1. Could you list all residues from the range 375-394 that are modelled with pLDDT of 95 or more and outside any strand (DSSP E or B)?
2. How many of the residues making up the range 190-237 are in contact with a Lys or Arg (Cβ under 8 Å, 6 or more places away or on another chain), under 21 Å from ILE346 (Cβ atoms), among the aromatic types (Phe, Trp, Tyr) and not in a strand (DSSP E or B)?
3. Got a number for residues in the range 267-279 being hydrophobic (A, V, I, L, M, F, W, C) and surrounded by fewer than 16 Cβ atoms within 10 Å (Cβ to Cβ)?
4. Looking only at the range 148-156, decide whether some residue is surrounded by 21 or more Cβ atoms within 10 Å (Cβ to Cβ), in a strand (DSSP E or B) and modelled with pLDDT under 95.
5. Counting only residues that are hydroxyl-bearing (Ser, Thr, Tyr) and part of a loop (DSSP other than H, G, I, E, B), how many does the range 74-118 have?
6. State yes or no: is THR139 closer than 22 Å to ASP214 by Cβ, in a loop (DSSP other than H, G, I, E, B) and without any contact (Cβ under 8 Å) to a residue 40 or more places away in the chain?
7. If you take the residues in the range 47-67 that are of a type outside the set (A, V, I, L, M, F, W, C) and in contact with a strand residue (DSSP E or B) (Cβ under 8 Å, 6 or more places away or on another chain), which one is surrounded by the most Cβ atoms within 10 Å (Cβ to Cβ)?
8. Given the options ILE44, ILE24, ILE70, name the one that is in contact with a Cys (Cβ under 8 Å, 6 or more places away or on another chain) and either open to solvent by less than 10 Å² (accessible area, probe 1.4 Å) or farther than 25 Å from SER365 by Cα (or both).
Amino acid sequence: MEMYTDVLLVTANVGSLFDNVGEIESDWMREFFGTVQSHKPRFIALHFQEVGGKDYMVNMGHAENFFWNIESNEEMRDFDRVCTYVDNHFKNVDSFTALGSMYFIHKSLKNIYQYDFNVKDFKAVSGQNKHVGSLDEVTTVEKEKFLKNFWPDFKWSRKGFMRTRWIIHNQGLDLVNVHLFHDASNLIACNTSPSIYSDNRQKALRYVINRISDSSYTPLPFFLFGDFNFRLDTLSLVQNLSTSAVVQTVKKDSSNEVEKIICEQKDNDHKVLLHIETKIFAYLHQAVFTEDNGRAILKYDKEISAFHDVITEEDILFPPSYPYSEDNTKPTQYMNTRCPSWCDRILMSHTAQDIIHRRDEGASSVVYNTMGPSVCMGDHKPVFLSFALKTNGH
């Protein structure tokens, strides 16, 4: 007999919630609980990146508060088992990733087991399991920070991945929280297609996929969700946006280094169409990123294409998830700091896609979308996937 378990996967880069403590959090919480209410999952996986924000030494104390506010909320009362993993041990520079994962199990979900990587066996999940710290001694999670040699030219930062393994009824799966490297400079991102940053992300993602598919443990269907920092192919996009413009490259006086790129319209009083600097990406017609959910620019989202052999994704029908304004009066506006991109994603193995139940007609049972589209959620909109997981009954 085929059974289904309603699952909700959420990824959220929450750095800006900590950098603006208190201002965004209540709206964020309300949107999250609203999503839980409307989709009624039996199993929830929440993957956070940048726990503690940029100033994590100061803000990390607020992190435990944030997780507790989710866990103790009245809306979550029917989830009687919770597993929380927060890597907040920033003093351990070699292993600190600032990743946090929370898993909620509804009281009606009986057969659920979690893998212990130490004894190499699954154990029934019970009660509240909270692990906050370096996580190095925790046997139900595998955590790794990317080694320095992934990007010798860039500043080493808190990026890595964290995996947990589950059996729901008798369907096994891996859930992997991922944070890949960002584009440090918009100008360098424009140099080549694909950019040097994109190449680095590709190497790191290939590494993660190989690590979770290697022979140490039996390979299982997997969901990889997090902030992949995928960016649009900036060079191709800029060439396209500036086809009818005059492009000026401004160099620093002393060196030959490019300081800014300015694209002016040929007519129309030479209005500036596009202005790019290291941390400025200002395009006159921002609507191109939001109209029809950014469909016109989706073709520049190419970073996943190198992985079609091993991973897939539901169709993207939402606008770029980053970089939204942190001004709560402008919840649908992008900041002029980076080219808007679909950074936050939920990817899966082909075997995982096979265990998503799809109804033949009528309402779709699979929803892939952003959370809080018209509310300020910080610079990243969380992204969620709601679906019925095929699980075999006894």
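1. Of everything in the range 375-394, those that are modelled with pLDDT of 95 or more and outside any strand (DSSP E or B) turn out to be VAL375, CYS376, MET377, GLY378, ASP379, HIS380, LYS381, PRO382.
2. Qualifying residue count for the region: 2.
3. Taking the range 267-279 as the starting set, the residues that turn out to be hydrophobic (A, V, I, L, M, F, W, C) are 272-274, 276.
Restricting the remaining residues to those that are surrounded by fewer than 16 Cβ atoms within 10 Å (Cβ to Cβ) gives 272.
Here the count works out to 1.
4. Our first condition is that a residue be surrounded by 21 or more Cβ atoms within 10 Å (Cβ to Cβ); within the range 148-156, this holds for 151.
If we keep only those that are in a strand (DSSP E or B) too, we end up with none.
For the range 148-156, residues surrounded by 21 or more Cβ atoms within 10 Å (Cβ to Cβ), in a strand (DSSP E or B) and modelled with pLDDT under 95: absent.
5. Filtering the range 74-118 for residues hydroxyl-bearing (Ser, Thr, Tyr) gives 84-85, 95, 97, 101, 103, 108, 113, 115.
Checking which are part of a loop (DSSP other than H, G, I, E, B) leaves us with 95, 97, 108.
Of the residues in the range 74-118, 3 are hydroxyl-bearing (Ser, Thr, Tyr) and part of a loop (DSSP other than H, G, I, E, B).
6. Details: closer than 22 Å to ASP214 by Cβ: yes; in a loop (DSSP other than H, G, I, E, B): yes; without any contact (Cβ under 8 Å) to a residue 40 or more places away in the chain: yes.
Yes; evaluated as a whole, the condition is true for this residue.
7. To start, the set of residues in the range 47-67 that are of a type outside the set (A, V, I, L, M, F, W, C) comprises 47, 49-50, 52-56, 59, 61-62, 64-65.
Among the residues that remain, those that are also in contact with a strand residue (DSSP E or B) (Cβ under 8 Å, 6 or more places away or on another chain) are: 47, 49-50, 64.
Numbers: HIS47: 30, GLN49: 28, GLU50: 27, GLU64: 15.
Among them, the one singled out is HIS47.
8. Numbers: ILE44 fails: in contact with a Cys (Cβ under 8 Å, 6 or more places away or on another chain); ILE70 fails: in contact with a Cys (Cβ under 8 Å, 6 or more places away or on another chain).
Testing whether each residue is in contact with a Cys (Cβ under 8 Å, 6 or more places away or on another chain) and either open to solvent by less than 10 Å² (accessible area, probe 1.4 Å) or farther than 25 Å from SER365 by Cα (or both) leaves just ILE24.
The values are calculated or read from the model by the stated rules, or taken from the named source; none is laboratory data. Worth saying up front: this structure is predicted, and the values here are computed from it rather than measured. Glycine gets a Cβ as well: all are built from the backbone with ideal geometry, and neighbour counts include every protein chain shown. These accessible areas exclude ligands, DNA and RNA; they are computed on the full protein's heavy atoms, side chains included. Shrake-Rupley method; radii C 1.70, N 1.55, O 1.52, S 1.80 Å.
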